[in-house]
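Encoded as structure tokens, the structure appears first; notes follow it.
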Amino acid sequence: MQGYLLFPTGQSLSGTLIGAKAPQLGELVFNTSMTGYQEILTDPSYHRQIVVLTYPEIGNYGCHLEVNESTLGHAAGMVFRNLSPGSFHNRYHQTFDPFLAEIGVTAITGLDTRRLTQTIRDEGPRNVLIAPQSLPLEEAKVRLAAAEPMEGANLVPQVSTTEKVVHGEGDHHIVLLDLGIKLATIRALQKRGCRVTQVPWNTDLAAVEALKPDGILISNGPGDPAAVPGVRGTIAALMDRYPVMGICLGFQLMALSLGGRTYKLPFGHRGGNHPVKFEGRVVITSQNHGFAVHEDSLDLKRVEITHHSLFDGSLEGFRLRDKPVFGVQFHPEAAPGPNDCLDHFDYFLQQVANHKGDRHA
């Protein structure tokens, strides 16, 4: 089916639609990962975004049951150059086109993704519309003009769990404040001997304390951190009482709870090859964020800066000097991406173990 990608300027680019083939609105961003299209589509952090993949050939290894990052498709759409004519992997269960249709995501192929990426880099993300050729251009323009910007958007309620969910058994009980969690993070904790209780994003302090956690993980998620209401007080209190680890949006909300400020990046960090300086060494990280924390907005008497991006120098991590609390802007669970930072989960659980020992001494 033929379709087009419409920009706010009125410009449109023609291509071939696959997957759901329905009109989709979203913020146009790019991701530089060579693999991981399935994880990207099912990552809640991509909610309401249309992702341009810079790698040209997509779908060549098919789709696999065990690598979804949630049970739903969360990206609004996907743009890539070529759809592989076949899937070549001994464990794939489905080719890419029917997988897209199954999770309700529309993709458009045959576009110059190199040029699109340069445009995003130079002009920043903007809302776009993927549409079938049958949708009149004037109607598409009306829909696009009505789309809300990402700045000021609280998308967390659309992706968070609405009820408590318990995952596995283990020596450490971690309460997971779900802002849009990836399954890989839950798996990383379970692999390290944790019982994980996943709770809604707006769970209050009393409800968390009633679960008797050993530690708290504040997850990744979509949208503008400054637009997430009513959680800063809870997060501040949790950081005062428990070992806490924050990832991506969780990290940003921790910073806001400490009196910091956030801002929108010129074109975001999205890919599996982002170098970060950490304690005198370089780690390669998986990243997916359009907002960041102003480093100079944090109180350095209480906050120790630990990680910086080697691409643009932006803040990628901190810990508290007086509490077993830390957060990172990148994704230590990867999925997709390198495993350089899986040891951050080990560090967190060592803090949990130390805190339990002190509490029971």
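Out of Ala131, Ala75, Ala153, any idea which swings most in a Gaussian network model of the chain, alpha carbons joined below 10 Å? Most flexible of the set in this elastic network: Ala153. For region 2-145, what is the relative contact order in percent, using Cα pairs closer than 8 Å and at least 6 residues apart in sequence? For region 2-145, the relative contact order is 37 percent. Within the listed set Gly36, Gly230, Gly77, the residue fluctuating most in the Gaussian network model of the chain (springs between alpha-carbon atoms under 10 angstrom) is Gly230. The modelled label-to-label distance between Glu123 and Lys323, using points 7 Å beyond Cα along the C-beta direction, is 4.4 nm.
Going through (i) 21.6, 69; (ii) 20.4, 70; (iii) 24.5, 76, the figure that equals Rg and Dmax of the Cα atoms in Å as computed for the structure here is (ii). Which residue, Tyr263, Tyr242, Tyr92, tops the fluctuation ranking in a GNM of the chain built on C-alpha contacts under 10 Å? Ranking Tyr263, Tyr242, Tyr92 by mean-square fluctuation puts Tyr92 first.
Would region 198-284 count as rounded, prolate or oblate if I go by the C-alpha gyration tensor, calling it rounded below 1.5 in a/c and otherwise prolate when a/b exceeds b/c, oblate otherwise? It is prolate, given that a/c is not under 1.5 and a/b is the larger ratio.
The ranking of Val303, Val142, Val165 from fewest to most other beta carbons within 10 Å of each one's beta carbon is Val142, Val165, Val303. Calculated FRET efficiency, Glu57 to Asn202, Cβ-Cβ distance, R0 = 51 Å: about 0.75 to the nearest 0.05. Working note: 222 nm ellipticity from helices only, DSSP H runs with n ≥ 4, each -39,500 (n - 2.57), summed and divided by the residues of the chain, gives -7000 deg cm²/dmol to the nearest 500.
Here the residues Ile247, Ile18, Ile305, ranked from fewest to most Cβ neighbours within 10 Å of their Cβ, fall in the order Ile305, Ile18, Ile247. If a/c stays under 1.5 just call it rounded; otherwise compare a/b with b/c (prolate if a/b is bigger, oblate if not). Do that for region 156-360, with a ≥ b ≥ c from the square roots of the Cα gyration tensor eigenvalues. Here region 156-360 falls in the rounded category. Note on Leu342 and Glu139: the extension gain reaches 68.4 nm, defined as 0.36 nm multiplied by sequence separation minus the Cα-Cα distance.
For a label point 7 Å from the Cα of Leu265 along Cα→C-beta, name the residues of region 217-235 whose backbone N is under 20 Å from it. Counting only backbone N, you get 218-228. In region 43-101, what trypsin sites (Lys or Arg not before Pro) fall in a loop by DSSP, with at most 12 other Cβ atoms inside 10 Å? Loop-located and lightly packed - Arg91.
By the beta-carbon count within 10 Å of each Cβ, the least crowded to most crowded order of His355, His274, His89, fewest first, is His89, His355, His274.
Peptide packing: for 39-45, 200-206, the average count of neighbouring Cβ atoms within 10 Å per residue gives the ranking 39-45, 200-206, highest mean first. Based on Cα contacts under 8 Å between residues 6+ apart, the chain shows a relative contact order of 15 percent. Placing dummy labels 7 Å off each Cα toward the beta-carbon, the span from Asp97 to Ala146 is 3.2 nm.
Since every read-out is calculated from the coordinates, none of them should be taken as a lab result. None of these values were measured; they are calculated from a predicted model. For neighbour counting, all protein chains shown are included, and Cβ atoms are generated from backbone atoms with ideal geometry for every residue, glycine included.
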